[in-house]
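Right, one structure below, let's go through it.
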Amino acid sequence: DETLAEAAIESYQQQVAAARTDLASVLATQPKVLVLTAESLSLGSFQAITAESFIGELLEAVGFELVYPPNSTTNAAPLSIEILPDLDAADSVFVLGYNRDLAQPSEATAGTAPNTLMQQQVAGIEAEWMGNEIAQSLTASQENRVYFTTFYQWNLFNGPIGTELILADLRQFFLTS
């Protein structure tokens, strides 16, 4: 229905405008962000999100500038760990972690709280990031501006729900520390 579509677009625009206002001081001083999806640095299973993606479009609408390899024409650009220093222009890094081993609930995780499951999705990549000399050489790492969340949370719901989740994370990352 056209009315529902128009309402959804208006809601999106209002949410983006509110986030832009809330994050104005961050956008003025730290506008450049690198968004990585990563399961493992050592296995080379990570990518930079580009402006061609839902996440990239949302972040740019808020006012951030995405940092990713030049000539990237898809929504995500595969990376190797050695390329990270070339992306050091980023003021902040968002690492969207995932763990394919935990993607399907098992009996062991059946009663686990959602926050615990989310932490399990990022624990491996966060530990690997903290222990990796190249990752730690980035300005964002040295200035404690690397933020970890789950790939599933930021990428599963491309639309109104996803917008709310991402904007809530951005506020938590930048406004509660």
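Each value in this text was obtained by applying a stated rule to the coordinates, not by laboratory testing. Keep in mind it's a predicted model, so treat the numbers as computed, not measured. Quick reminder, even Gly has a Cβ in these numbers, built from the backbone with ideal geometry, and neighbours come from all protein chains shown.
Counting alpha carbon pairs within less than 8 Å and at least 6 residues apart, what relative contact order, in whole percent, applies to the chain?
RCO, the chain: 25 percent.
Kindly point out which whole DSSP H helices in the chain project their C-alpha atoms 27 angstrom or further along the helix axis while averaging a Kyte-Doolittle hydropathy of 1.0 or above.
none
List, in order, the whole-Hz ³J(HN,Hα) value for each residue of the range 142-151 obtained from phi through the Karplus relation with A = 6.51, B = -1.76, C = 1.60 and θ = phi - 60°; use x for Gly and Pro.
Calculated HN-Hα couplings, in order: 5, 9, 6, 10, 10, 10, 10, 8, 8, 4 Hz.
What's the center-to-center distance, using Cα atoms, between the range 56-78 and the range 129-169 in Å?
Using only Cα atoms, the two centres lie 14 Å from each other.
Taking K and R as +1 and D and E as -1, what net charge do the other residues with C-beta under 12 Å from the C-beta of Ala123 add up to?
Local charge sum for Ala123: -4.
Mind pulling the per residue volume of the convex hull built on the Cα atoms of the chain? Å³ is fine.
134 Å³
Using just the helices of the chain, give the 222 nm mean residue ellipticity in deg cm²/dmol: DSSP H runs with n ≥ 4 each add -39,500 (n - 2.57), and the total is spread over all residues, rounded to 500.
Helices in the chain give a 222 nm mean residue ellipticity of -14000 deg cm²/dmol.
Under 20 Å from a point 7 Å along the Cα-to-Cβ line of Ala7: which residues of the range 158-177 have their amide N that close?
Answer for the range 158-177: 158-165.
Hey, in the GNM for the chain with a 10 angstrom Cα cutoff, which one of Gln121, Gln153, Gln14 fluctuates hardest?
Gln14
Once amide H atoms are built 1.01 Å from N in the peptide plane, which residues 5 or more positions from Val35, or in another chain, come under 5 Å H to H?
Residues meeting the amide H criterion: Ile49, Val67, Phe94.
Using θ = phi - 60° and the Karplus form 6.51 cos²θ - 1.76 cosθ + 1.60, what ³J(HN,Hα) does each residue of the range 68-82 get, whole Hz, x for Gly and Pro?
Working through the residues one at a time gives 7, x, x, 6, 7, 10, 10, 6, 8, 10, x, 10, 10, 4, 5 Hz.
For the chain, give me the percentage of DSSP beta bridges that are antiparallel, rounded to the nearest 5 percent.
Given both bridge residues lie in the chain, the antiparallel proportion sits at roughly 35 percent.
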